[in-house]
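The values are calculated or read from the model by the stated rules, or taken from the named source; none is laboratory data. Small disclaimer: the values here were computed from a predicted structure and weren't measured. Positions of Cβ are generated from backbone atoms using ideal geometry, with glycine treated the same way; all protein chains shown enter the neighbour counts. Surface accessibility is based on the protein's heavy atoms, side chains included, excluding ligands, DNA and RNA. Shrake-Rupley method; radii C 1.70, N 1.55, O 1.52, S 1.80 Å.
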Amino acid sequence: MGKVIRFQFTKGSEVRFLSHLDLLRTMERALRRAKLPMAYSEGFSPRPVMAFGFALPVGVLSEAEYGDFEFSEIFDPQEFMTIYNKHLPKGLKVVEAERLPEGASSLMKKINTAKYEVLLPNKEAKELESRWQFLRGQDTFFVQRETKRGVRELDILPFLYDVSLQGSRHDGVIIECVCALGNEGNLRIEELGALLNFNPKEVIITRTGQLIKMNNHYGLPMGNRGLKWKES
Amino acid sequence: MDKTIASLLPYVQKPGRYTNQELNAEHKDWKNTLIKVALAFPDIYDVGMGHLGYKILYSLINARKDSLAERVYLPWIDLLDLMEENQIPLTSLESGAKLTEFDLLGFTLQYELSYSNILKTLDLAGIPRYSTDRRETDPLVMAGGPCAFNAEPLADFFDFVVLGEGEEVLGEILDVVSSIKRQGGSREELLSKIAALDGIYVPRLYEPIYDENGDFSGLKSTGTNAPAQINKRVIKDLNKSHFPEEFIVPFVEVVHDRTMVEVMRGCTRGCRFCQAGMIYRPIRERKPEILEEQVSKLVKSTGYEEISLSSLSSGDYSHIKPLLENLISEYQGCGITVSLPSLRVDSFSMELAKEIQKARKTGLTFAPEAGTQRLRDVINKNVTESDLKEVVQGAFKAGWYSIKLYFMIGLPTETQDDLDGIIKLAHEVIAWGREFGTGRRLPQVSISVASFVPKPHTPFQWMGQESLDSLREKQKYLRDKLRHPGIRFSYPRVEESFLEAVFSRGDRRLGKVLEKAVDLGCRFDSWSDCLRFDLWEKAFEECGIDPHYYANRTRNFSESLPWSHLSAGLERDFLLDEWKKAIEASVTEDCRWDKCSNCGVCPNLGVKNEIVGDNRHG
Ligand code: SF4
């Protein structure tokens, strides 16, 4: 086992408006307060060695963010969790930690799927079901995607893997969406909104999973609790 | 009106500015705390959060059992517009309380171009702009900070103004509020008790007099507790004054987002254009062991990656070198850097720079302020040609490749030679860089040229600012002559400096212009892109007030000055002598090292320079 600890953390409503960079800065400062024996980068202004999963869109909550911290010595993951949690600001909390085997591949290399839970106010279950049926009958769904290199037409339908109803409330429905995340293919939150007819700014979205999709099953970035691939 | 700030946040830039769960933010029990103070910074969060004085007051108030302080910033334009549209009132960050629910609402006056934002804050909070229009339930609106030394343009809007350093007097104010709240008493009674404290100015107790030409000729007091002169408050011993052990750590990026300690207060170098150097006298240094302890507590409570040793001229702090060395050896290992906010132009500063920037050879900044030795003597900026040469060449030899130099145009007695001096120096720096540079990168020089603004309580307080056209012409001349791939030239808009000049030496008649400008849509004037000079011109015109009268007119030495009742302890004769010496290009020594130059501050206020060591450097 190596000196890297991989951990899962949650991002609550207190910190939902932090950008990815804000988050990194916050995590780094908490590390310094916690005085954990971190490995520092070489060079003139040494930084703790850390890596994170894919940036969470601003405004989205999460139950499943991941990070890797490299320590200067073998460090106990449970101890790390206890100490670090004391120094994190409200809204950030480590919920699981484990030591990574030497040479384990990076989070960014592995993660390719996201799971979101969306609370849609003023919507009914039937409305959603028929929208999902409609989408499944389509071959393509084109949107204009803005990137650094300009705007391009893109078919985003293949990036939405599954939508399922989690529950109905008097004020709306809760759905779960499984979609592509990462460099190989990625569904943006606005695009998810365009597919399912909601405005992401007006709903509460929680990322409930970052997964590794391999052929016909999903795995987690930590531990060995692979999920079953659900046929859709 | 069912929209809330929270529901608007997904629609604005950088919404993290408006959240309130930052580490170390104080959420005191609203119901069970007697005195509630809102500390308002008339700019956005990103700017206000970097301000050290504000952190000190926040922590000082919250340290009292009977009081709480909460932060208020003006929302950026996107949210501001949405709030106005939806009639959502401005609230404090911590409790989200309406500003009308506080006992005191304090504003810090850091720069003149923030004045429109003060009225904007009051408007958005639903508090009447004019102190005389406020209701029994409205908070007392107070102000402090450097611009309080000429509070006249804002006189109608504040219930009281605190002159000088706030740490002690704020405690006295809270004691008064506490006793009135416990015994019961009206807002008016409260104000009159506060007015009786030293260093407090209640503008409403005075009335301006104008002579037949419309010139200001003095103030007459209209009530009790209205002394003819208000002296600033000053902390005698900085070692005993309150300093926070925790800073709020913002989530979003803000200016000066780092651990800061104040190594000393005051500066006696005596630069004649510099208001801070005049109004913060005398020098009071903090003991190095206290500073080290403060740093250690802050590093622990914030986790910041940078420590800044702040003051007006930290290179002058008598223990600066050992302090730097200790901090560097203590914190370098855990990835924490140490920095100084500014560097003097001398070899000692280069030693310090090497110490702190072993790593980052990014850039060095110096402020010669003027292009020739003669003009530097006029402004008493103690920088010589040979110092500059030695320091810049040394920097290139040591591996730096980028040098930034600050200058001013429009200084008294400036001639063509002085402009050419700036140009010559810029080209020389490039040539030195070519000759002595050791890095692979080409030498870069950034020249930043501000337009001079005469400030009250300085030897240049009588002087008219140069006209807008002439300043523009000078900028153009410099721009043409500084076209060179290695030179970057930047300058603020002359309109900004002009408005600053109007308000810094204005009188009470400007209050209505400010009000008009805000009604026409002015706000965030210090943000170049937001400044609507056309609206300001319209406001002056509609009020029948000539801004040039304030900005460009050279005052008579016998004239009454609107700020003369607000005293920083300086003698008028000292300022006048300094003005005369300026014209003769004769310099005045720093009273820290040399003889007292009789500015008046020490005898008038019963204070003296407090230096912790005697090692002179530089
Ligand atoms: S009174 Fe003399 S010693 Fe004191 S600040 Fe003024 S010049 Fe310096």
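Residue A:30 fulfils the conditions (1) among the small types (Gly, Ala, Ser); (2) within 12 Å of chain B (Cβ to nearest Cβ); (3) over 19 Å from residue A:14 (Cβ atoms) except for a single criterion, (3). Select from the stretch A:33-42 the residues that are polar (S, T, N, Q) and either farther than 10 Å from residue A:70 by Cβ or more than 9 Å from chain B (Cβ to nearest Cβ) (or both) and list them in ascending order. Hits for the stretch A:33-42: nothing passes.
The residue list B:8, B:68, B:60 contains one member that is touching a residue at least 12 places away in the same chain (Cβ under 8 Å), within 14 Å of another protein chain (Cβ to nearest Cβ) and among the hydrophobic types (A, V, I, L, M, F, W, C), which is B:8. The sole residue among B:492, B:562 that is at pLDDT below 95 and in a loop (DSSP other than H, G, I, E, B) is B:492.
Of all the criteria given as (1) in contact with a helix residue (DSSP H, G or I) (Cβ under 6 Å, 6 or more places away or on another chain); (2) at positive phi; (3) more than 14 Å from chain B (Cβ to nearest Cβ), the one not satisfied by residue A:91 is (3).
Among the numbered conditions (1) modelled with pLDDT of 95 or more; (2) open to solvent by 20 Å² or more (accessible area, probe 1.4 Å), the only one that residue B:503 does not meet is (2).
Within the stretch B:598-614, take every residue that is in a loop (DSSP other than H, G, I, E, B), within 25 Å of the chain's Cα centre (by Cα) and buried (at least 16 other Cβ atoms within 10 Å of the Cβ) and give me the one that is nearest to the ligand (Cβ to nearest atom). Selected residue: B:599.
For the stretch A:43-71, taking the residues that are out of contact with any Leu (no Cβ under 9 Å at 6 or more places or on another chain) and over 20 Å from residue A:11 (Cβ atoms), the one that is nearest to the other protein chains (Cβ to nearest Cβ) is identified as A:44.
Assess whether residue B:213 counts as being open to solvent by 20 Å² or more (accessible area, probe 1.4 Å), within 16 Å of the ligand (Cβ to nearest atom) and either away from chain A (no Cβ under 14 Å) or free of Cβ contacts under 8 Å to residues at least 24 places away in the same chain (or both). No; evaluated as a whole, the condition is false for this residue. Restricting attention to the stretch B:259-310, the residues that are within 16 Å of the ligand (Cβ to nearest atom) and either farther than 22 Å from residue B:459 by Cβ or assigned to a strand (DSSP E or B) (or both) total 4.
Taking first residues from the stretch B:169-195 that are in contact (Cβ under 8 Å) with a residue 24 or more places away in the chain and assigned to a helix (DSSP H, G or I) and partners that are among the acidic types (Asp, Glu) and open to solvent by less than 20 Å² (accessible area, probe 1.4 Å), the Cβ contacts under 8 Å between residues at least 6 apart in sequence or on separate chains come to B:187/B:138; B:191/B:159. Give the residue that is modelled with the lowest pLDDT, with candidates limited to residues of the stretch B:328-346 that are away from chain A (no Cβ under 14 Å) and under 21 Å from residue B:364 (Cα atoms). Checking each candidate, the answer is B:342. Checking each residue in the stretch B:289-305 for being within 14 Å of chain A (Cβ to nearest Cβ) and either touching a residue at least 24 places away in the same chain (Cβ under 8 Å) or open to solvent by less than 60 Å² (accessible area, probe 1.4 Å) (or both) picks out B:295, B:296, B:297, B:298, B:299, B:301, B:302, B:303, B:304, B:305.
For the stretch B:14-55, give me each residue that is under 18 Å from residue B:80 (Cβ atoms), more than 10 Å from chain A (Cβ to nearest Cβ) and in contact with a helix residue (DSSP H, G or I) (Cβ under 6 Å, 6 or more places away or on another chain). Hits for the stretch B:14-55 are B:38, B:40, B:41, B:42, B:43, B:45. Residues of the stretch B:426-443 that are open to solvent by less than 50 Å² (accessible area, probe 1.4 Å) and closer than 17 Å to residue B:407 by Cβ: B:426, B:429, B:430.
Summed over the stretch B:553-571, residues that are on the phi < 0 side of the Ramachandran plot and under 23 Å from the mean Cα position of the chain (by Cα) total 10.
For residue B:216, the requirement of being in contact with a helix residue (DSSP H, G or I) (Cβ under 6 Å, 6 or more places away or on another chain) and among the aromatic types (Phe, Trp, Tyr) is not met.
Of all residues in the stretch A:1-24, those that are surrounded by fewer than 18 Cβ atoms within 10 Å (Cβ to Cβ), in contact (Cβ under 8 Å) with a residue 24 or more places away in the chain and within 14 Å of chain B (Cβ to nearest Cβ) total 5. Kindly indicate whether residue A:18 is in contact with a strand residue (DSSP E or B) (Cβ under 8 Å, 6 or more places away or on another chain), assigned by TED's automatic domain parsing to the domain that holds residue A:83 and assigned to a loop (DSSP other than H, G, I, E, B). Yes. From the list B:416, B:465, the one residue that fits, being out of contact with any helix residue (DSSP H, G or I) (no Cβ under 8 Å at 6 or more places or on another chain) and modelled with pLDDT of 95 or more, is B:416. Determine whether residue B:590 is within 16 Å of the ligand (Cβ to nearest atom) and outside any loop (DSSP other than H, G, I, E, B). Taking the combined requirement at face value, the residue does not satisfy it. Filter the stretch B:549-581 for residues that are touching a helix residue (DSSP H, G or I) at 6+ places or on another chain (Cβ under 6 Å) and away from the ligand (no atom under 16 Å from the Cβ); which is farthest from residue B:316 (Cα to Cα)? Looking at residues that are touching a helix residue (DSSP H, G or I) at 6+ places or on another chain (Cβ under 6 Å) and away from the ligand (no atom under 16 Å from the Cβ), I get B:550.
Filtering the stretch A:133-172 to residues that are open to solvent by less than 50 Å² (accessible area, probe 1.4 Å) and in a loop (DSSP other than H, G, I, E, B) leaves A:141, A:156.
Answer yes or no: is there a residue in the stretch A:189-210 that is over 21 Å from residue A:118 (Cβ atoms) and not assigned by TED's automatic domain parsing to the domain that holds residue A:13. Checked the stretch A:189-210: no residue is over 21 Å from residue A:118 (Cβ atoms) and not assigned by TED's automatic domain parsing to the domain that holds residue A:13.
Annotation for the stretch A:103-111: no member residue is more than 23 Å from residue A:197 (Cβ to Cβ), of a type in the set (Val, Ile, Thr) and within 14 Å of chain B (Cβ to nearest Cβ).
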